[in-house]
Every structure is written in C-alpha cells, then in structure tokens.
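Read the structure below first, then the notes.
Just so it is clear, none of the values below were taken in a lab; they were calculated from the coordinates. Just so it is clear, the structure is predicted and the values come from calculations on it, not from any experiment. Please note: Cβ atoms are built from the backbone with ideal geometry, for glycine as well, and neighbour counts cover all protein chains shown.
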Amino acid sequence: MNTLLEHLRAVGEEKVCAIWQQAEAEVQAYQKEKEAALAEERKRCRLQGQQALVEFGRGLMVAAEEKAWLRRSEAEAQLAERLYHLAQKELDWLREQCGSRLLSACAKELPQAEWKQLRVSESEVAFARTLFPEAEVAGDRSISGGLVAESGDGRVTVINTLEKRLERAWPRILPGFFRTLREEKENAAS
C-alpha cells in the first residue's frame, strides 16, 4: 500500500509539475503578448505625439506669421503717417520755391466761373488780389500754397491747394516709398 501511495503521490506531483510548467509557459506567453502590445501602443502614442507636435508647431508658425504680418502692417501704417506729416511740413518750402508761379498755375486750372471768395496762404493774399480783383480774398494759415475758390452763388467750391494735392496723390506716392525702402534694405543685406 505504501508503494501505491508513493506511486500516486509521484504521479500527482508530476501532474502538478506539468500543470505548473504549462501555467508558467502561458504566463510567459501572456507577458510577451502584453509587452508586444505595450510596445506597439508606445510606438503609436509616440507617433501621435510627434504628429501632434508637428501640428502644434505648424499652428505656432501660422500664429507667428500672422503676428509678424500684423506688426509689419502696423509699423508701415505708422511710418506712412509720419512720412505724410513730414511731407505736409515741406509744403511751405515747396510754395516758396515755386514763388508766384504756383498760385498762377492753380488759378489757371479753375474752371470758368465767377469766383467771389478765395482763400490762399497768408503770404499770397496780395498776389491773389491781383489775379482775382473782383473776389474777396482771405489769408488762411492752414493753406501752404494754392487756393480754395468759391463761386458767387456758393454752389461750387474748388479746393486746389498743396494740401489737397498731397492728400490725393499720397496713395500713389506711398507704395514708391515702401518699394525704395525694401530695395535699400535688400541691398544693405547683400
């Protein structure tokens, strides 16, 4: 009977060992499967992270380009305003350089009408009275050169001043300033 018990015990131990080895093999296979899945998931997350980083970088670049464009536009607007004011300050000099020819030329550009009221630069009142002896001529500090003429019935007013000419020409002049500035910047950089 002892031998039978020993034999059964030995067979039981072998079966337990076999079950244990099979369980360990299954655990190892399961661990390898999960490690492979985890490695695959890490790889997928890393790729997603890289893609998200690339998209984030693109977003930052677009935002930076928009901000740079906005700042450049603001700077150009401020520069344009400064240039315009500088140009306005030079109108008195321009009138002085042209002398009476400027007022004569502006008067010749007026359409045929009975001009009853004129405003001119304070320094040109006397000369304007010789050009328009029938009109009431007044000096205006806001006029650098040229004239503002009003018809007798008050229905027609012609503004032919240096200020108005500059205002009308400025949109055509300004791009040339900026083009010259860019060219000078490019030449200085090379």
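Summary of computed values
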item	result
Label corresponding to semi-axes √(5λ) of the Cα gyration tensor in Å when calculated from the structure given, among [x] 54, 25, 14; [y] 23, 21, 18; [z] 100, 17, 10	[z]
Binned Cα-Cα distance frequencies in segment 1-89 - 10 Å width, integer %	13, 14, 13, 11, 10, 9, 8, 7, 5, 4, 3, 2, 1
Mean residue ellipticity (222 nm) of the chain, computed from DSSP H runs ≥ 4 via -39,500 (n - 2.57), nearest 500	-26500 deg cm²/dmol
Relative contact order, percent, segment 72-190 [alpha-carbon distance under 8 Å, six or more residues apart]	22 percent
Segment Glu6-Ala77, length gained on full extension (0.36 nm per residue, minus Cα span)	15.3 nm
Cα→Cβ-extended label distance, 7 Å offset, between Glu184 and Ala23, nm	8.9 nm
Rounded to whole Hz, the Karplus (6.51, -1.76, 1.60) HN-Hα couplings of segment 7-22, x for glycine and proline	5, 5, 5, 5, 5, x, 5, 5, 5, 4, 4, 5, 5, 4, 5, 5
Alpha-carbon Rg/Rh ratio, for segment 99-167, with Rh computed the Kirkwood way	0.92
Whole-Hz couplings from phi, Karplus 6.51/-1.76/1.60, listed for segment 85-101; x for Gly and Pro	5, 5, 5, 4, 5, 8, 5, 4, 4, 4, 4, 4, 5, 7, x, 6, 4
Eligible lysines near Lys15 by straight Cα distance, threshold 27 Å, same-chain separation 8 or greater	Lys32
Sorted by Cβ neighbour density within 10 Å, fewest at the top, the residues Ile173, Ile143	Ile173, Ile143
Inter-label distance, nm, simple model (7 Å from Cα along the C-beta direction), Ala126/Ala39	10.3 nm
